[in-house]
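Asks: Structure in structure tokens, see below.
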Amino acid sequence: MSAAETTTPAKVPPPRQAPPPPPKDRRPRGQRTSGGALAPWLLLAPCLLILALVMGYPLARLVSLSFQKFGQSQLWGFQPAETVGFDNFAEVLGDGEFWAVVVRTIVFAAGAVVLTMVIGMALALLLQRVSGWLKMLINIVLVASWGMPVIVATTVFKWLFDSDYGVFNALLSKLPGVEMVGHNWFASGPEGLAVIMLLVIWGAVPFVVITLSAGLTQVPKELEEAARLDGAGSWGVFRFVTLPVLKPIIVMLTTLSVIWDMGVFPQVFVMRGGHPEPEFQVLNTYSYDRAFVVNDYGQGSAIALITVLLLLGVVAVYMRQMLKIGEVE
């Protein structure tokens, strides 16, 4: 018997069978897609309901009050509320004091936003150059200052700039040729608003620094090294590499800062002892003064609604910028 005859033939594996097709969904097409489209809305329903209760009703009430004559008599039910159409808006927009408050608010917010962003960017860049333990210590200080309640921070600033016992006046008086003992920073509107602006900046800088520091970690080191090899200095690397990467974050932070600083209230209200003078009035305190001091709730609501519309314009600019950034990317 030959070797060829004694060799056992190799077994051929059976052919692989294709898996059975999945069972067909026999439901109508419209019924199949409705469940998937409805699921996100069901998950968002609790949040939307809370927003409607917390923000929707007050906003609707604000709009209705702005078109009514509503004072103490209407508040206590002695007289019914009278619809006056756009009379409240006409009276507010025709008041020169209102436009002075608008200009003051815009200047205040612009100064606070610019200084907040510049100081925040500088501190964020410096944090990238310090050692690990020092960076952690600075972050702890930033978070602690950011988490301090506004009332506490305002009280501290009132003490720092007090005319009789203020630490700031005492420190300035130690400079040669400077005598600031007994100086009242709130005797004039510009100086007092500058102090309040410092308070607002002090509370806003930590958030900007922490956010920009997180954004700086996303800047590619390869691009920075390539820019330096091409002869770019520190300013060139920052302008052509760092800023374009951070642009979405800067736009977001700037928009939030504008909204927060345009709506500043407790800093001004508490710093002036609950009765801001006319030269310290901003839009929110002016609206509060009209509603709860003059007892003209209709005009106060109209001023508040105008403020909301101004802030919606800021949000619209923000959305447009973000859409442009998305198109470029």
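The values are calculated or read from the model by the stated rules, or taken from the named source; none is laboratory data. What you are looking at is a predicted structure, and each value in this text was computed from that prediction instead of being measured. Virtual Cβ from ideal backbone geometry, glycine too; neighbours counted across all protein chains shown. Keep in mind that these areas ignore ligands, DNA and RNA; they rest on the heavy atoms of the full protein, side chains included. Shrake-Rupley method; radii C 1.70, N 1.55, O 1.52, S 1.80 Å.
Asks: Just to confirm a number: summing +1 for Lys and Arg and -1 for Asp and Glu over residues other than E97 whose beta-carbon lies under 14 angstrom from that of E97, what do you get?
Replies: Overall, the nearby charge balance is -4.
Asks: Compute the length gained on full extension between L172 and M55: take 0.36 nm times their separation in residues and subtract their Cα-Cα distance, giving the result in nm to one decimal.
Replies: Result: 37.5 nm gained on full extension.
Asks: Going by alpha carbons, how many degrees (0 to 90, nearest 10) lie between the helix axis of 29-51 and the longest principal axis of the chain?
Replies: Here the helix axis deviates by roughly 30 degrees.
Asks: Could you give the length gained by full extension between T83 and V141, i.e. 0.36 nm per residue of separation minus their alpha carbon distance, to one decimal place?
Replies: Answer, rounded to one decimal: 15.6 nm.
Asks: A follow-up question, please. Within the chain, how many Lys pairs that are eight or more residues apart, or on different chains, come under 26 Å at the alpha-carbon?
Replies: Total qualifying Lys-Lys pairs in the chain comes to 6.
Asks: Taking +1 at the Cβ of each Lys and Arg and -1 at the Cβ of each Asp and Glu, which of G236, V270, T255 sits farthest along the dipole of the stretch 217-272 towards its positive end, judged by Cα position relative to the Cα centre?
Replies: Towards the positive end, the residue furthest out is V270.
Asks: Here is a further query. Go through S66, G147, L115 and say which Cα lies farthest out towards the positive end of the charge dipole of the chain; charges sit on Cβ, +1 for Lys and Arg, -1 for Asp and Glu.
Replies: The listed residue farthest towards the positive side: G147.
Asks: Over the stretch 172-329, calculate the relative contact order: mean separation of alpha carbon pairs under 8 Å at least 6 apart, over the residue count, as a percent.
Replies: Once divided by the residue count of the stretch 172-329, the mean separation gives 19 percent.
Asks: Could you sort 113-123, 296-306 so that the peptide with the highest average Cβ count within 10 Å comes first and the rest follow in order?
Replies: Highest-to-lowest ranking by the protection proxy: 296-306, 113-123.
Asks: Taking 25 °C and 0.890 mPa s as the conditions, I'd like the Stokes-Einstein D for the stretch 215-329 in µm²/s, using the Kirkwood hydrodynamic radius from alpha carbon pairs.
Replies: Reported coefficient: 141 µm²/s.
Asks: Let me ask you something else. Go ahead and set up a Gaussian network model of the chain, Cα springs under 10 Å, then flag whichever of K247, K158, K221 fluctuates most.
Replies: K221
Asks: Here is a follow-up. Round to a whole number: what % of the accessible area of the chain belongs to carbon and sulfur, probe 1.4 Å?
Replies: 69 percent
Asks: So, one more: Can you compute the modelled spin-label distance between F240 and N184, with each label point 7 Å from Cα toward Cβ, in nm?
Replies: The answer from the label model is 5.6 nm.
Asks: Follow-up. If packing is taken as the average count of other Cβ atoms within 10 Å, what order do 133-141, 205-213 fall into, highest mean first?
Replies: 205-213, 133-141
Asks: Would you calculate, for the chain, the mean residue ellipticity at 222 nm contributed by helices, counting each DSSP H stretch of 4 or more residues as -39,500 (n - 2.57) and dividing by all residues, to the nearest 500?
Replies: Counting only the DSSP helices, I get -21500 deg cm²/dmol.
Asks: Next question. Evaluate the relative contact order of the chain (contact order divided by residue number), counting alpha-carbon pairs under 8 angstrom at least 6 apart; express in whole percent.
Replies: Averaging sequence separation for qualifying contacts and normalising by length gives 24 percent for the chain.
Asks: Taking N as the number of residues in the stretch 183-241, what is its Cα Rg relative to 2.2 N^0.38 Å?
Replies: Normalised Cα radius of gyration, the stretch 183-241: 1.85.
Asks: Right, here's the next one. Under unit Cβ charges (Lys, Arg +1; Asp, Glu -1), what dipole magnitude, rounded to 20 debye, does the chain have relative to its Cα centre?
Replies: Magnitude of the dipole: close to 1780 debye.
Asks: In whole Hz, with x marking every Gly and Pro, tabulate ³J(HN,Hα) for the stretch 263-273 from phi via Karplus 6.51 cos²θ - 1.76 cosθ + 1.60, θ = phi - 60°.
Replies: x, 5, 9, x, 4, 6, 5, 6, 4, 9, x
Asks: Further question on the same structure: Between H275 and L312, what is the spin-label point distance in nm, taking each point 7 Å from the Cα along the Cα→C-beta axis?
Replies: 3.6 nm
Asks: Can you work out ³J(HN,Hα) from phi for every residue in the stretch 136-149, in order, using Karplus 6.51 cos²θ - 1.76 cosθ + 1.60 and θ = phi - 60°, giving whole Hz and x for Gly and Pro?
Replies: After applying 6.51 cos²θ - 1.76 cosθ + 1.60, I find 5, 4, 5, 5, 5, 5, 5, 5, 5, 5, 5, x, 5, x Hz.
Asks: State the label only: which of [x] 25.5; [y] 20.6; [z] 26.2 corresponds to Kirkwood radius over Cα pairs in Å computed from the shown model?
Replies: Step by step, Kirkwood radius over Cα pairs in Å for this structure corresponds to label [x].
Asks: May I pose another question? Taking only protein heavy atoms into account and a 1.4 Å probe, give the accessible area per residue of the chain in Å².
Replies: 64 Å²
Asks: Over all alpha-carbon pairs of the stretch 78-150, lay out the pair-distance distribution in 10 Å bins, whole %, shortest bin first.
Replies: Taking every Cα pair in the stretch 78-150, the percentages come to 14, 23, 21, 16, 14, 9, 3.
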